[in-house]
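So the structure is just underneath, and the comments pick up after that.
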Amino acid sequence: MSTSYLPATTDSVAQALEAKTPSESISLLYRILENPSSSPEALRIKEQAITNLSDLLRQENRAEDLRSLLTQLRPYFSLIPKAKTAKIVRSIIDAVAKIPGTSDLQISLCKEMVQWTRAEKRTFLRQRVEARLAALLMDDEEYIEALSLLSGLIKEVRRLDDKLLLVDINLLESKLHFSLRNLPKAKAALTAARTAANAIYVPPAQQGTIDLQSGILHAEEKDYKTAYSYFFEAFEAFNALEDPRAVFSLKYMLLCKIMVHQADDVSGVISSKAGLQYVGPELDAMKAVADAHSKRSLKLFETALRDFRAQLEEDPIVHRHLSSLYDTLLEQNLCRLIEPFSRVEISHIAELIELPGDHVEKKLSQMILDKKFAGTLDQGAGCLIIFDDPKTDALYPATLETISNIGKVVDSLYVRSAKIMA
């Protein structure tokens, strides 16, 4: 052909997609986009070419090319409706997100798009890109920057009364405050998200996200039964949509069962029809923890933590609750072991419980301070001395009660005498 571009026709798109290699297809699609025609048909074909091109670039893991594609398409965006522009921009950002190891690129891409949308006065698109940027900053642990971005965005969206975006932003704010360990603000933001969601139709995936966050916050407050019901609701929503978050909802359901000492139910949930779909390392990890809890074995518990490190230690929600469960198990085991003794070597207890001596000594001193049992550590001799539980003497409370009653009688006599004198 005499010109470098291809005609913006359905045949050209079909020709590009039938090319022998992805690189050739990408090259042909770029040539379609270079066509200067701005007729309605040409614009429609170009939109189709953009969708195919972004899919191919994603499959080839060419994140930088996707970024430059957004810059290249800016003249085209001025020719099409703003709603279509928003759809294309968000689809390309989603395509970049699907390429692993591109979090920094996504943040810089979102920042670029925010600047462009401000210059072009595209408020609708800017707000959504800013919400996406805040989510990326949160994933990157840039919590303060994400919160400052959200605080301005929430005020703006409330003024416009965009309920659906408000649900997204409030939910994101709740997650941010939870990451910063500010539970009251996390709950307040989640309540705001629920209030906004009640006024409109919320997609099932979004409702599932709200339920998942509700479960996480209730679990943090040790209300595991309520948390379980929320995780179950989230699991049903994600399972129906075949969303990958379904397995995490199921995992947190099992965690709640373990935390309320119903570890025997874990096998039943996993072997149910819904549970069998998600059998894998996540559920195997929870089954190993449940077995350790049922047998009250710290050794099995530590083995589970070591074998399933990625599923247990690296999941902040599971890790936080399993830490408290481990402490409880350790305390129960230590109390059981020291019960027959009045004086025992710490090394002997460490040998019985199969844990390092310094770890056992530290835990025993903590338990003494917390008044879990009466005793003292003789560090010179390396011994634990256990005292008999001091019997409460009933004489002192009885004496105090007698004095209190005498005080009441004296007060009563004083009032009567005052009346007689009057």
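The values are calculated or read from the model by the stated rules, or taken from the named source; none is laboratory data. Just so we're clear, the structure is a prediction, and the values are computed from it rather than from any experiment. FYI the Cβ positions are ideal-geometry reconstructions off the backbone, even for glycines, and counts take in every protein chain you see. Keep in mind that these areas ignore ligands, DNA and RNA; they rest on the heavy atoms of the full protein, side chains included. Shrake-Rupley method; radii C 1.70, N 1.55, O 1.52, S 1.80 Å.
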Residue-span extension gain [E64 to T399] - 0.36 nm each, minus C-alpha spacing: 112.3 nm
Max mean-square fluctuation residue, GNM over the chain, Cα-Cα springs under 10 Å, options F308, F231, F373: F373
Degrees separating the helix 63-72 axis from the principal Cα axis of the chain, which is the longest one: 50
Mean separation of Cα contacts under 8 Å (6+ apart) over length of the stretch 1-125, as relative contact order %: 20
Cα long-axis angle, helix 246-259 against the chain (0 to 90 degrees, to the nearest 10): 0
Pairwise Lys count, the stretch 20-158 - Cα closer than 21 Å, eight or more residues apart or different chains: 14
Reachable lysines from K187, criterion Cα separation under 16 angstrom, eight or more residues apart if same chain: K175, K222
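For the chain, what is the charge dipole size about the Cα centre, in debye to the nearest 20, if Lys and Arg each add +1 at the Cβ and Asp and Glu each add -1 at the Cβ? Please report the intermediate quantities before stating the final value.
Numbers: 52 positive and 58 negative charges, 345 e Å.
The dipole of the chain has a size of about 1660 debye.
What accessible area per residue comes out for the stretch 241-315, rounded to a whole number of Å², with a 1.4 Å probe?
On the way: 3750 Å² over 75 residues.
Accessible surface, normalised per residue, equals 50 Å².
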Integer Hz, Karplus 6.51/-1.76/1.60 couplings in order for the stretch 309-314, x for Gly and Pro: 4, 4, 7, 10, 6, 8
Angle between the chain longest axis and helix 22-33 axis [Cα atoms, degrees, rounded to 10]: 70
Whole-number D in µm² s⁻¹ for the stretch 324-422, Kirkwood Cα-pair radius fed into Stokes-Einstein, 20 °C, 1.002 mPa s: 125
Within the chain, helix-based [θ] at 222 nm, where runs of 4 or more DSSP H residues each add -39,500 (n - 2.57), nearest 500: -24000 deg cm²/dmol
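When a/c is below 1.5 the answer is rounded, else prolate if a/b is larger than b/c, else oblate, so apply that to the stretch 187-238 with a ≥ b ≥ c taken from the square roots of the Cα gyration tensor eigenvalues. Before the final figure, lay out each step's value.
Details: a/c = 2.85, a/b = 1.32, b/c = 2.16.
Taking the square roots of the gyration eigenvalues as a ≥ b ≥ c, the stretch 187-238 is oblate.
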Reach of K372 by Cα under 14 Å, taken over aspartates and glutamates that are not fewer than 8 positions away in the same chain: D327, E331, E339, D388, D389
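How large, in percent, is the carbon and sulfur part of the accessible surface of the chain at a probe radius of 1.4 Å?
On the chain, the fraction of accessible area on carbon and sulfur atoms equals 54 percent.
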Cα shape, the stretch 146-243, gyration tensor, a/c 1.5 rule: oblate
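How high is the relative contact order of the stretch 156-289, in percent, with contacts defined as C-alpha pairs under 8 Å that are six or more residues apart?
Values: 145 pairs, mean separation 21.2, N = 134.
Relative contact order here is 16 percent.
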Over the stretch 148-200, relative contact order from alpha-carbon pairs under 8 Å, at least 6 apart, %: 38
Radius ratio Rg over Rh of the chain, counting only Cα atoms, Kirkwood formula for Rh: 1.18
